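Asks: Just passing along the structure, written as structure tokens.
The values are calculated or read from the model by the stated rules, or taken from the named source; none is laboratory data. Since we're looking at a predicted model, the values are computed, not measured. Here the Cβ is made from the backbone with ideal geometry for all residues, glycine too, and neighbour counts use every protein chain on show. Accessible surface is based on the protein model in full, side chains and every heavy atom, while ligands, DNA and RNA are left aside. Shrake-Rupley method; radii C 1.70, N 1.55, O 1.52, S 1.80 Å.
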Amino acid sequence: MLFHKEDLAPGIGRFVFSDIWNKIALKITETIDEFYDKPVAKGFYPHFNEITFRQAVLSVSAELKALQENLKQLLSDRYCAIFLDRTHLCSFSEIDRNKLLYALSLALGYPTPTDPRIGKLLWDVKPRYLPVGHFATYSEHSDRADLHTDTQYYLRPEKYFLLYVVRAARCGGGKSLICNSREVKNRLLETEQGREAYETLSSFKFPFRIPTTFTQAGTIGSVKTTLAPIFSDEPFIRFRYDTLEKGFQSRRDLDVPEARNALKVLLDVLENKANVVEYYMSDDALAICNNHVALHGRTSFQDRDRHLIRVRMSSQPVVSKPALLASA
């Protein structure tokens, strides 16, 4: 199903994916159509009976079930991130491709709505034209995305996410960055300064500001923060520098030397000591990451036609507003 090609760094692997879609695609798309009352081409919304729906899709074929077991074993035992250079999804129509991506995400959990208002499960990662004052998230612009974990600004970040490349940047930019946070911890613990920083990073409640798009109101004046340590048991790490900076601006009481010094040491490790993999994902490539362990980012790019699709998966069923639920 997934065949190991090479390790790019400890915990980060490159795999070859055997094409199973031609054999099972029709069964999957028909099963999804049975649960959704109208065609959903662009992104899907949580089904009101998502447990039954997920079980039905995963039971469609032995190949999909085997892929589920393969992925879970890899991502729990050895890897925090895996790259598949080709998924064979590009030969399908946009509608069917998205259905198959949806099925793939179900293999690792329950896909979650990207924002609390629209509630789409499949999120388009592409540059957008945004109003002045909008606190943009990385998926909305073409600048460099520094190493971070997804939804670090929520109380319970999703455990897994996937990124599928519809169209890679033709300018040579937009390369993926991946770093294993377990190695980051090891580098911190090598020095007395690092050990002191780690103690603060795992006990102090840092303020993470929620980007404008992902707040309940979705307006420029909506300022919300989540308080949490950077290192913990679960997730092992949550981190994003710009949401922290914005959080400190709105919570001046937490902008204290102890937190700033620890953050400075962590940034030094990320920039100068940690092994950061830089990898160009071409069209039809896929990355699957353990969001509780892997830090990810990307280099800047100029090609505004670059287009990826992201899906985040929780280990628990999604609790959604009734207005966002799809009917059967």
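Asks: Can you tell me what the convex hull of the Cα atoms of the chain projects to on average, as an area in nm²? Write down the numbers at each step before the final one.
Replies: Details: hull surface 64.7 nm².
Result: 16.2 nm².
Asks: Of the residues A62, A259, A107, which exhibits the maximal mean-square fluctuation in a Gaussian network model of the chain defined by a 10 Å Cα contact cut-off?
Replies: Of the options given, A62 has the highest mean-square fluctuation.
Asks: When the chain is treated as a GNM, springs tying every alpha-carbon pair under 10 Å, which of R167, R78, R240 comes out with the largest mean-square fluctuation?
Replies: Highest fluctuation among the options: R78.
Asks: Rounded to the nearest 0.05, what FRET efficiency is calculated for Q316 and E192 with R0 set to 51 Å and r the Cβ-Cβ distance? Intermediate results must be reported in sequence, preceding the final value.
Replies: On the way: r = 39 Å, r/R0 = 0.77.
Efficiency, from the Cβ-Cβ distance: 0.80.
Asks: With the radius of gyration and the Kirkwood radius both derived from the Cα set of segment 148-196, what is their ratio Rg to Rh? Present the calculation step by step, with values, prior to reporting the outcome.
Replies: Working: Rg = 15.9 Å, Rh = 14.2 Å.
Across segment 148-196, the Cα-based Rg/Rh ratio is 1.12.
Asks: For D143, what charge total do you get from the other residues with a beta carbon under 11 Å from its beta carbon, if Lys and Arg give +1 and Asp and Glu give -1? Numbers along the way, then the final one.
Replies: Details: positive: R144, R298; negative: E140, D146, D242.
Its environment carries a net charge of -1.
Asks: How far, in nm, would the chain grow between D7 and H88 when pulled straight, counting 0.36 nm per residue and subtracting the alpha carbon separation? Intermediate results must be reported in sequence, preceding the final value.
Replies: On the way: separation 81, 0.36 × 81 = 29.16 nm, distance 2.19 nm.
Additional length available on full extension: 27.0 nm.
Asks: Please report, as a whole percent, how much of the solvent-accessible surface of the chain comes from carbon and sulfur atoms (probe radius 1.4 Å). Write out the running numbers ahead of the final one.
Replies: Numbers: 7100 of 14380 Å².
Whole-percent figure for carbon plus sulfur exposure: 49.
Asks: For a quick size check, give me the Cα extents of segment 1-72 along its three principal axes, largest first, whole Å.
Replies: Here the Cα extents, ordered largest to smallest, are 44, 23, 22 Å.
Asks: Please check: in the Gaussian network model of the chain (C-alpha springs, under 10 Å), which one of D85, D19, D96 has the largest mean-square fluctuation.
Replies: Of the options given, D19 has the highest mean-square fluctuation.
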